[in-house]
1. Please compute the contact order of the chain in relative form: average sequence separation of alpha-carbon pairs under 8 Å and at least six residues apart, divided by the residue count, as a percent.
2. Using the Kirkwood radius built from alpha carbon pairs, what does the Stokes-Einstein equation give as D for segment 175-260 at 20 °C and 1.002 mPa s, in µm² per second?
3. Loop-only check: which GluC sites (Glu not before Pro) in segment 185-288 are DSSP coil with at most 11 other Cβ within 10 angstrom?
4. Please compute the Cα-Cα pair-distance distribution of segment 116-255 with 5 Å bins starting at 0, giving whole percents from short to long.
5. Based on alpha-carbon atoms only, what is the radius of gyration of segment 166-218 relative to the globular estimate 2.2 N^0.38 Å?
6. Please report the spacing between the Cα centers of segment 192-224 and segment 298-338 in Å, no decimals.
7. Rounded to whole Å and ordered largest first, report the semi-axes of the equivalent ellipsoid of segment 1-105 derived from its Cα gyration tensor (root of 5λ).
8. Considering only protein heavy atoms, what is the solvent-accessible area of Val104 at a probe of 1.4 Å, reported in Å² to the nearest 10?
Amino acid sequence: MIGLPDFPWDRLTPLKTLAQAHPDGIVDLSVGTPVDPVPAVVRQALADASDSPGYPLTYGTERLRSAAAGWLRRRHGVVLDQANVLPLIGSKEFVAWLPTLLGVGRGQRVVFPELAYPTYDVGARLAGAEPYATDGLFALGPEQVPLVWVNSPSNPSGKVLPAEHLRKVVSWAREHGAVVASDECYIELGWEEQPVSILHPDVCGGSHEGLLAVHSLSKRSNMAGYRAGFVAGDPALIQRLLEVRKHAGMLMPGPVQAAMAVALDDDEHAEEQRARYAARREVLRPALEAAGWRIEHSTAGLYLWASDGTDCWKQVRTLAEKGILVAPGDFYGKAGSAHVRIAVTASDERISAAVRRLQ
Ligand SMILES: Cc1ncc(COP(=O)(O)O)c(C=O)c1O
């Protein structure tokens, strides 16, 4: 068996039980799962495509790839041919399997941020490679690295990497023969700062060589339950990934492809969802600050990265005693041991309950 870390969420169970004991019920801000309805246009598209007896294509329909390329152009200033888009069964499977799909293995390092979504580490281990968390690429010296992950806006911290920073990552990677995979699943949720794609000409100078941008419909369109994402970028890498994914049966269901194309074409529902998150963030943030938490980074994305200066598990307990469940920062790396991650993915009613309890 492959050695994987314990599933960290199991460690939170006793504190979840504590929060659930609150007389007015738990406010669960520990996970970033959407709670608002799937947009009507998306549900209709799924229903209309439900008569789907045959196998879908791993490459997806041209309609879907064109919608993804159109969205990248319209919303993010990225110009790319629809041929260079590949559908994913949610972005998590891709994060977990990319090192394996690229043939990365024993004796090689997969690099990802010090504070990070845990699946980058898992993906390295599944491939038999060495997971390596660092924010300092230059400290790696002349070593050839096959794969570097970046994630902006960041889960958990909501930090945005400016174009200038990403440019340096791209030029370092090109010198070291590394593929840069940029996890951009929160890119539409910029608040005080606007995130930029690794594929934007200001970052990559117009060439997508060695670059992959990973996108998800889970947060933008409340489609986490549909499992819908895509990867776009370097034509040669996309074709290589397509070949392996065809053999491995990594195919997105046809009705989901149809629903995802409609979601990507429609900005209205995404704006409505953004406004919901903005309103929740606007009330929760000052309530946490007034209760003694300092908010760091968090200029984009779905989370408030907060600290009251004590150990993260102590903070989780303090909030659980008020019936509010949050995630301890050490789930995302040692660098998170003095922080908690607070998601704004709860209903308006539950967010108001949290605000009252913090007073
Ligand atoms: C940084 C990051 N990447 C990828 C994912 C996976 O998203 P999905 O598989 O729903 O597309 C998540 C989910 O929360 C995430 O936070």
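The values are calculated or read from the model by the stated rules, or taken from the named source; none is laboratory data. As the structure is a computational prediction, the values presented were derived from the model and not from experiment. Neighbour counts are summed over all protein chains in view; Cβ atoms, including those assigned to glycine, are modelled from backbone coordinates with ideal geometry. Side chains included, ligands, DNA and RNA excluded: accessible areas come from the protein's heavy atoms. Shrake-Rupley method; radii C 1.70, N 1.55, O 1.52, S 1.80 Å.
1. Averaging sequence separation for qualifying contacts and normalising by length gives 26 percent for the chain.
2. 148
3. Loop-located and lightly packed - Glu192.
4. Computed distribution, short to long bins: 2, 9, 17, 22, 23, 16, 8, 3, 0, 0.
5. Ratio of Cα Rg to 2.2 N^0.38 Å: 1.16.
6. Cα centres, segment 192-224 to segment 298-338: 27 Å.
7. Listed largest to smallest, the semi-axes of segment 1-105 are 35, 24, 16 Å.
8. Its heavy atoms expose roughly 10 Å² to the probe.
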